[in-house]
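Scroll down for the structure; my scribbles are underneath it.
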Amino acid sequence: MEKGTKCYVCEKGNLAKKKVAYTIFGTEVGKFEAEVCTNCGEAFFDEEVSRKISQKTKEMGLWGLESKTKIGAVGSALDIRLSKKIVEFLRLKKGEDVLVYPESRSSIRVDLVSATEKRR
C-alpha cells in the first residue's frame with residue numbers, strides 16, 4: 001500500500017503500518033502487521049498476513065467453530081443444538097448450568113455459570 005493511502009472505510013484517515021492483536025471467539029491469536037486507519041482505527045491485513053492468521057487459527061482449533069443449526073422442540077420448550085466443535089472448545093458437560101438472555105431482538109447470549117456463581 002502506498003504512503004498516505006486513505007482509509008477504505010471512513011475515507012478520512014490515512015493508513016499506517018502497525019502490529020495489532022487479532023482476537024477471535026475471545027481468544028487472542030497473536031499480533032500481526034496491518035495497515036491501521038489513523039481516524040477510525042479499522043485494521044486491514046494483506047493477503048500474506050491473512051494466510052498466516054488463518055493457519056494460526058487452524059492450529060489453535062479456532063477455525064470453523066461457527067455453525068448453522070435449527071431450533072428444535074422438546075415438549076413445550078424449544079432447544080438449540082451445539083456442534084461438537086463448540087462443545088469441545090467450551091469444554092461443556094451435560095447438566096452444566098448456563099444463563100441465557102436476549103442481547104437484542106436478533107441476538108441471544110449464553111454464559112456458562114461458574115461453580116462460585118452456583119453457590120450464591
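Within region 64-117, can you find the residues that are farther than 18 Å from G26 by Cα, in a helix (DSSP H, G or I) and not charged (D, E, K, R)? Of everything in region 64-117, those that are farther than 18 Å from G26 by Cα, in a helix (DSSP H, G or I) and not charged (D, E, K, R) turn out to be A115, T116. Counting only residues that are part of a helix (DSSP H, G or I) and of a type outside the set (V, I, T), which one in region 25-51 is surrounded by the most Cβ atoms within 10 Å (Cβ to Cβ)? By that ranking, first place goes to S50. In this structure, F89 does not qualify as surrounded by 11 or more Cβ atoms within 10 Å (Cβ to Cβ) and within 30 Å of V9 (Cβ to Cβ). Checking E28, E66, E48 one by one, the residue that is without any contact (Cβ under 8 Å) to a residue 12 or more places away in the chain and over 16 Å from the mean Cα position of the chain (by Cα) is E48 and no other.
Restricting attention to region 46-57, does a residue exist that is among the hydrophobic types (A, V, I, L, M, F, W, C) and over 30 Å from N14 (Cα atoms)? No, region 46-57 has no match at all. Being exposed (fewer than 12 other Cβ atoms within 10 Å of the Cβ) and within 21 Å of D111 (Cβ to Cβ): is that true of S76 here? Taking the combined requirement at face value, the residue does not satisfy it. Within region 3-24, track down each residue that is assigned to a strand (DSSP E or B), under 23 Å from the mean Cα position of the chain (by Cα) and of a type outside the set (A, V, I, L, M, F, W, C). Those that are assigned to a strand (DSSP E or B), under 23 Å from the mean Cα position of the chain (by Cα) and of a type outside the set (A, V, I, L, M, F, W, C): K18, K19, Y22, T23. On inspection, S54 fails the criterion of being under 26 Å from V110 (Cβ atoms), within 19 Å of the chain's Cα centre (by Cα) and either hydroxyl-bearing (S, T, Y) or not in a loop (DSSP other than H, G, I, E, B) (or both).
Bear in mind these aren't lab numbers, they're just calculated from the coordinates by the rules spelled out. Everything quoted here is computed from the prediction, not taken from an experiment. Neighbour counts are summed over all protein chains in view; Cβ atoms, including those assigned to glycine, are modelled from backbone coordinates with ideal geometry.
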